[in-house]
Amino acid sequence: MRISSLTLVYHAACFDGAASAAIFSAFARERLGVGQLVLARDDYGAGPLDARQLGPHSAVVDFKFSADPRVRFWADHHHAGGALDTADALAAYEARRDDPRLIFDPGAPSCAGLLTRELRARFGWASGRYDELACECDLIDAAGYETLSEALDLENAPARIALALDDSSSRDLEHEIIEGLAGGSAVEAAAGPRATRAIADALGRFEFQRDTFCREATISGGVVEMDLSRTGIARPHKFLPYSLSDDVVFDVKVVRLPTGVAIKCGRNFWHPLSDRMPSIGEVCREWGGGGHKGAGGIPVPGGSVEDARRVASEVAGRLRNYVALARSSCEMIDPIVSPGNA
């Protein structure tokens, strides 16, 4: 199969999204013979995939599936409620489930790791230069660190790139990093001119976030809540809230994105109760969002901060109930069974 031009849509502001784009771009050029590759970004909290970005031949990585027939390739590891977030998308996926160009596994720790394995298994494209990058994505995206201290260690290149991407909405920065990662080295990607500046800025804002979180946080029943809509922090660090208290199992944050107001949620994998908690993606799905087991988001239609605060309070109440049940019972919580609204 030869494709002269391909539009590649990737999960924006995400290390795994950038790495997935880098890996698939190499596959597209080397195996599909793609001559022109057009990169397009989309944000998981902004609703369905923006079909206006699609070209005649398109691929989507680390992002939601679309029923649009122009989507020829797709790979994702987010929970089905987020990845297949509309009836049309679910029906189209079910109709094409046996298509080897559709790669979906919500149990995979990262999309980059999933891509690396499945492109090898399905298409015989074995590029060992991405094995280390895939392992780094598995570690970062699934919070596979042994300790919270390791997760907050910003001395290595992958962690610094992830911090810079989480803290930026720059298309040019993402494209430079994707191009750098296409060579297989996070160290080289971090040394690019835009990346170098973005990392320095992000490290400074990391300290600003630490101070802001201390001021804005309210901790109750194992859940930390923060309204960051007026702080200028659109992409809060996903592990930093857990350093506020040893009691924090979940965090719920209201943020203002370029696309509107949203709620971001996370689960502290290093808390003793973590293994007995449900998937955050499943919880967010009940309010129209999605994600995976450790992180999720909920878009707020209309962009009302008041509505976002209300929903965030409801979500936090639900999560406090999960924590309370876990603390009062030795049994594993069934993630499908709701403990009831707060």
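The values are calculated or read from the model by the stated rules, or taken from the named source; none is laboratory data. Given the structure is predicted, the values throughout are model-derived calculations rather than measurements. Glycine gets a Cβ as well: all are built from the backbone with ideal geometry, and neighbour counts include every protein chain shown.
The condition of being under 18 Å from the mean Cα position of the chain (by Cα), of a type in the set (A, V, I, L, M, F, W, C) and more than 18 Å from Ala295 (Cα to Cα) holds for only one of Leu133, Leu154, Leu102, that being Leu133. Looking across the stretch 234-257, the residues that are over 17 Å from the mean Cα position of the chain (by Cα) and in a loop (DSSP other than H, G, I, E, B) come down to Leu244, Ser245, Asp246, Asp247, Val248, Val249. Taken over the stretch 180-210, the residue count meeting the criterion of being acidic (Asp, Glu) and surrounded by 17 or more Cβ atoms within 10 Å (Cβ to Cβ) is 0. Only one of the numbered conditions (1) within 30 Å of Phe73 (Cα to Cα); (2) buried (at least 19 other Cβ atoms within 10 Å of the Cβ) is not met by Phe213, and that is (1). Inside the stretch 263-296, residues that are crowded, with 24+ Cβ neighbours inside 10 Å and either not assigned by TED's automatic domain parsing to the domain that holds Leu319 or not charged (D, E, K, R) (or both) make up a count of 14. Pairs are defined by a Cβ separation below 7 Å, a sequence spacing of at least 6 or placement on different chains, a first member in the stretch 1-16 that is more than 16 Å from Gly297 (Cβ to Cβ), and a second member that is of a type in the set (Phe, Trp, Tyr); the pairs so defined are Leu8/Phe24; Val9/Phe63; Tyr10/Phe63.
Scanning the stretch 81-117 for residues that are assigned to a helix (DSSP H, G or I) and crowded, with 18+ Cβ neighbours inside 10 Å yields Gly81, Gly82, Ala83, Ala89, Ala92, Tyr93, Cys111, Ala112, Gly113, Leu114, Leu115, Thr116.
Scan the stretch 28-44 and give yes if some residue there is farther than 23 Å from Leu84 by Cα, small (Gly, Ala, Ser) and assigned to a helix (DSSP H, G or I), otherwise no. Yes, the stretch 28-44 contains at least one residue that is farther than 23 Å from Leu84 by Cα, small (Gly, Ala, Ser) and assigned to a helix (DSSP H, G or I).
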